[in-house]
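Colleague: To start, I am sharing the structure in question, which I have written as C-alpha cells.
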Amino acid sequence: MICFPISSLNPSKLSNRKLAVGRHFLSLLSDEGLLPSNYSLRPVILGGVVRDTVFREREPNDVDIFFYRNLDILNTMGSSSARVHVDRDLRLLKENLLVWLEDLGLEYESLLTENDGQYPGSVGRFLDILSFEWSGVNIQIMIPSNYLNTSMSIGNLLASMPVVCGVGMTQNYIYSTYAFAGSLPLLSSGVYPIAHDRDIAYVVKKFGEDALIRRYNNSDELVQDSLGRIHSGFATVPAGTVSGRDRMPQVTKQILVQNHYASLFGDIEFTIGSASSMPVDN
C-alpha cells in the first residue's frame, strides 16, 4: 500500500469540481454531526472520482463515499463491545443522513438492490446505498451492513475493490494499492486489468462488454508487467534474485510504484508499507 499527503500535490490536481464537492462533503459529515468524532467509523472517497481526477485528468461520474473502522476508538474496548459499537454507529449514520436529507428537502433514493453486483461481494455487504444530488454533484453513500462487513482498515477496504478502483482519498491523504498503480499505464492503453473473477462484472458494467480485460494472478505480476518496462526498476535487483514474474522481491515493487507516482506528481513524500503503517486523519 502507498500513501501521500494531499497537501503535496499541485493544486491543479484537485481543481475538479466534483472532487472538491466530495471533499467538502467529508468535512460536512463531521461539521453537521452526521459522523461525530467519537464514532467507530472513518469516511473515505473511493474509486473512480479519485482515479479519474487525480491520476487521469478525466471527468468522473459521481462521488462514492465508503467507511472503515476507526481503530483509535475500537482499540480501547473489547471485541464484543467493538462489534456492538460499530453496529450501533452504522444504524445511527443512516438515521442521521436520512434526517439531514429530509431537513434540507433533498430527494434521495436507495440503490441497494440496483447496485448489488456493481461492487464485488456487495450482496449483504451494505445496510444501504443512499444516492442524492448535493451542490450539483451526485453522491453515493455506501453504509456497511454490520461490523463484519466494515473493513478493519483502509488497506482492507481498498483490497476489496476492483483493481482499477483501488484508490481512496480522505481529507488529508491519498491511498492506493500497488495493483492500482500498476493498472494506470494499462488503462491509458485501453486495457482493464483484473486480479479476481469478481472484477469482471464491474469492468463490463463500467466500461462495456467489449472492454479488453487482462488477467493477473497478483499485484507483483501486474506491477512487473505494467511498470517494469516503463521505469526499468528491475535493474536495481541483483542478478539471479528474480526466478519468476510472480516472485518479484517486495522492495522492487515498491520502487516501481514510487517511481511511477513520482513521474506523475513530482517530488512528494510517500509512505509505503502495510495498512497499519499508514497515516490517518485526526
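The values are calculated or read from the model by the stated rules, or taken from the named source; none is laboratory data. In this text the structure is predicted, and so the values were computed from the model without any measurement. A quick note on method: Cβ atoms are made from the backbone with ideal geometry, for glycine too, and the neighbour counts reach across all protein chains shown.
Colleague: Scan (1) under 17 Å from K253 (Cα atoms); (2) in contact with a Gly (Cβ under 9 Å, 6 or more places away or on another chain); (3) in the same structural domain as V257 (by TED's automatic domain parsing) for the single condition G166 breaks and write down its number.
Modeller: (3)
Colleague: Could you list, in sequence order, all residues of the range 250-282 that are exposed (fewer than 14 other Cβ atoms within 10 Å of the Cβ) and at positive phi?
Modeller: Listed by number, the list holds a single entry, G266.
Colleague: Does S135 meet the test of being surrounded by fewer than 16 Cβ atoms within 10 Å (Cβ to Cβ), over 22 Å from the mean Cα position of the chain (by Cα) and at pLDDT below 90?
Modeller: no
Colleague: Sticking with this one: Cβ contacts < 7 Å: first residue surrounded by 23 or more Cβ atoms within 10 Å (Cβ to Cβ), restricted to the range 169-180; second residue of a type in the set (F, W, Y) and part of a strand (DSSP E or B), any location; separation 6+ or different chain. Result?
Modeller: Close Cβ pairs (under 7 Å, with a partner that is of a type in the set (F, W, Y) and part of a strand (DSSP E or B)) amount to I174/F4.
Colleague: Under 6 Å between Cβ atoms, which residue pairs at least 6 apart in sequence (or on different chains) link something in the range 74-97 that is of a type in the set (D, E) with a partner that is outside any helix (DSSP H, G or I)?
Modeller: From the range 74-97, the pairs are D87/N146; D89/Y39; D89/S40; D89/L41.
Colleague: Among the residues of the range 62-93, what is the count of those that are surrounded by fewer than 17 Cβ atoms within 10 Å (Cβ to Cβ) and not small (G, A, S)?
Modeller: The qualifying residues number 10.
Colleague: I would also like to ask the following. Out of G22, G78, report the one residue that is small (G, A, S) and under 25 Å from T177 (Cβ atoms).
Modeller: Result: G22 is the single residue among G22, G78 that is small (G, A, S) and under 25 Å from T177 (Cβ atoms).
Colleague: Let me ask something additional. Name every residue in the range 46-72 that is farther than 15 Å from R17 by Cβ and of a type in the set (A, V, I, L, M, F, W, C), in order of residue number.
Modeller: L46, F55, I65, F66, F67, L71
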